[in-house]
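Notes to accompany the following structure.
The values are calculated or read from the model by the stated rules, or taken from the named source; none is laboratory data. Computed from a prediction, not measured in an experiment: that's the story for all the values here. Glycine also receives a Cβ, built like all others from the backbone with ideal geometry; neighbour counts cover every protein chain displayed. Calculation scope for accessible area: heavy atoms of the full protein, side chains included, ligands and nucleic acids excluded. Shrake-Rupley method; radii C 1.70, N 1.55, O 1.52, S 1.80 Å.
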Amino acid sequence: MTRSLRLVASGEYAFGPIARWRDPDVTPADIADLDQHAAWANWAEDAGFDALFYADFLGFDPVRQLSPRLPFDPTTLVTALVARTRHIGFITTGSTTFGAPFHQARTLASLDRLSGGRVAWNVVTSFTGEGNFGLEQLPSPTQRYARAQEFLDVVDALWASFPESAIVDDKAAGRYLDVSRVHAIDHAGEHFSVSGPLDKPGPARRPVLVQAGASPEGIAFAARNADVVFVAAPDLEQGIDFATRLRAEVAAAGRAPDEVLVMPGFRAFLGADAADARRVRSRHVTPDLLEKARRAVLRESDRFQFANLALDESIPASHLPTDADLAASAGRRSRAQIYLNWAREPGVTLREVLERIALEHGHFALTASPQAVADELERWFVAGAADGFMIGYGSGIAQFADQVMPLLAERGLWKPATDHDLRSRLALPERG
Ligand SMILES: Cc1cc2nc3c(=O)[nH]c(=O)nc-3n(C[C@H](O)[C@H](O)[C@H](O)COP(=O)(O)O)c2cc1C
């Protein structure tokens with residue numbers, strides 16, 4: 001059997017499913033307990049996941065933080081977790097809008113070495129956090145992606161500036177390093193001036209780069225640079241459309257279309273049959289969750305004016321952004337567009353839209369039996385819409401692993417990952 005579907009799980013699930021923190025026996029100390037996060041990573045490793053993914057948003061969000069968020073900087077947590085695991089990969093997140101390339105190149109080179117090539121970088125251009133980095137306004141998507149490209153080019157140049165082969169370890173001559181093989185990069189661009197070289201050896205192989213561009217600029221950026229592309233695609237049609245557009249851009253960037261893996265976010269609400277799964281899903285819907293979604297949607301566009309609308313009414317167009325509003329936004333337009341499409345569905349009520357926002361976040365989600373879920377994942381794979389999935393909470397990632405992954409294995413669609421470094425685990429070609 002060849003290895004086909006790649007499966008990544010959300011690292012934050014260590015304290016999921018969604019409302020587990022409300023169990024009387026779960027304390028804030030548990031949520032911040034390294035042992036709990038390590039136990040989750042060990043479990044995910046044994047279950048055969050390729051990697052755990054840790055998202056990051058560089059600012060306090062008063063709605064999100066009504067429920068516990070990861071209480072650590074993700075890269076710091078990943079540094080601790082690589083020491084507690086043997087071969088699972090970790091995808092941490094780093095912003096090109098707010099960070100500095102020299103710092104990022106050093107951190108990732110260090111993590112790559114410490115982990116034996118197990119840490120990937122989810123490259124984000126950020127859609128919040130400007131106030132924490134001296135900016136009055138978030139730069140436009142075009143500006144953010146232009147800076148992101150220069151950022152990555154500098155990181156690549158820094159990694160190459162200090163090759164491992166410069167370490168000659170000549171004990172007799174008393175010369176550890178051949179300094180002539182380490183070179184400055186003298187980068188002077190629009191956004192960065194970096195002389196280099198890096199002061200630590202670069203990674204032996206380029207770390208896996210993950211990206212989730214959904215705008216035209218974002219897709220072009222992902223196509224040029226990424227090994228893995230995450231996407232929020234709520235149905236197969238949109239999944240196929242995204243994968244087709246991405247692969248065309250990958251080819252236009254001079255790369256083989258199949259050297260980039262498309263991984264839609266996915267979550268399953270599992271039950272014995274469809275009716276049981278609906279009951280399982282409905283247990284996750286609490287009134288406060290709907291009220292949070294009512295406020296959280298403003299993060300995507302302040303034109304979603306749901307504050308005073310009744311839950312069981314349809315949503316008047318005057319309370320929704322227009323297409324022009326979204327086109328003019330500096331933020332994350334793609335997710336707002338998904339929510340707008342849901343809100344515009346004929347006959348849909350505010351309650352139904354808020355439920356979807358709260359439980360699905362714009363991602364591909366199924367409320368079904370394990371068999372039906374396996375059928376549908378296979379359909380996405382065969383249609384070329386997915387090379388794998390990034391598995392979020394749903395009714396439980398452990399339940400997904402216990403009930404769906406064996407079915408995928410039986411069909412020859414998946415087998416547990418055993419390789420030690422992430423590039424090999426994902427069967428990705430070398431880069432750089
Ligand atoms: C699965 C997934 C995970 C993401 N994780 C993050 C994240 O951790 N931090 C962040 O700022 N953006 C994150 N994003 C947003 C993307 O980086 C990107 O901004 C978004 O998909 C919209 O694309 P665009 O930037 O081309 O408009 C994520 C998107 C997806 C689909």
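Taking 7 Å steps out from each Cα toward its Cβ at E313 and T418 produces label points 6.1 nm apart. Across region 56-71, rounded Karplus estimates of 3J(HN,Hα) from the backbone phi angles (6.51 cos²θ - 1.76 cosθ + 1.60, θ = phi - 60°) give 7, 10, 8, x, 6, 10, x, 8, 3, 7, 5, 10, x, 9, 3, x Hz, Gly and Pro being marked x. When only Cα pairs below 8 angstrom with a gap of at least 6 residues are kept, region 116-208 shows a relative contact order of 31 percent. Restricting to DSSP loop positions (anything but H, G, I, E, B) with no more than 10 other Cβ atoms inside 10 Å of their own Cβ, which GluC sites (Glu not before Pro) remain in region 337-432? Passing both the DSSP loop test and the Cβ count: E430. Region 383-432 and region 107-125 have Cα centres separated by 20 Å. Most mobile of V280, V210, V262 per a Gaussian network model of the chain (Cα springs, under 10 Å)? Highest fluctuation of the listed residues: V280.
Summing charges over all other residues whose Cβ lies under 13 Å from the Cβ of A277, with Lys and Arg as +1 and Asp and Glu as -1, gives +2.
Inter-label distance, T244 to E136: 4.4 nm, where each label sits 7 Å from its Cα along the C-beta direction.
Our coupling estimate for region 20-32, obtained by passing each phi through the Karplus curve with A = 6.51, B = -1.76, C = 1.60 and θ = phi - 60°, is 4, 4, 7, 4, x, 8, 9, 10, x, 5, 5, 5, 9 Hz, Gly and Pro reported as x.
The calculated P(r) of the chain, using every Cα pair and 10 Å bins from 0, goes 4, 20, 31, 27, 12, 4, 1, 0, 0 in percent. Listed by chain and number, the lysines placed with their C-alpha closer than 21 angstrom to that of K171 are K200; residues fewer than eight positions away on the same chain are left out.
Among the GluC sites (Glu not before Pro) in region 219-273, none is located in a DSSP loop while being surrounded by at most 13 other Cβ atoms within 10 Å of its own Cβ.
Computed from point charges on the beta carbon alone (+1 for Lys and Arg, -1 for Asp and Glu), the dipole magnitude for region 255-339 about its Cα centre is near 240 Debye. Comparing P74, P203, P24 in a Gaussian network model of the chain, where Cα atoms under 10 Å apart are tied by springs, the biggest mean-square fluctuation is seen for P24. Considering only trypsin sites (Lys or Arg not before Pro) in DSSP loops that have at most 13 other Cβ atoms within 10 Å, the longest stretch of the chain without any of them is 172-343.
Under the simplified labelling scheme, the T76-D276 pair shows an inter-label distance of 4.4 nm, with each label point 7 Å from Cα along Cα→Cβ.
Note that region 216-228 has calculated 3J(HN,Hα) couplings of x, 5, x, 5, 5, 5, 4, 5, 6, 10, 7, 9, 10 Hz, one per residue in order, obtained from phi through the Karplus relation 6.51 cos²θ - 1.76 cosθ + 1.60 (θ = phi - 60°); glycine and proline are x. Among the chymotrypsin sites (Phe, Trp or Tyr not before Pro) in region 190-247, none sits in a DSSP loop with a Cβ that has at most 13 other Cβ atoms within 10 Å. Comparing mean-square fluctuations of S165, S67, S110 from a GNM of the chain with C-alpha springs under 10 Å, the top value falls on S165. I want the local charge near L70. Using Cβ-Cβ distances under 9 Å, sum +1 for each Lys or Arg and -1 for each Asp or Glu among the other residues. Net of charged neighbours comes to -2. In this view, the solvent-accessible surface of T76, computed with a 1.4 Å probe and all protein chains in place, comes to about 90 Å². Along the positive direction of the dipole of the chain (beta-carbon charges: Lys, Arg +1; Asp, Glu -1; about the Cα centre), which of M405, S424, P163 reaches farthest? Of M405, S424, P163, it is P163.
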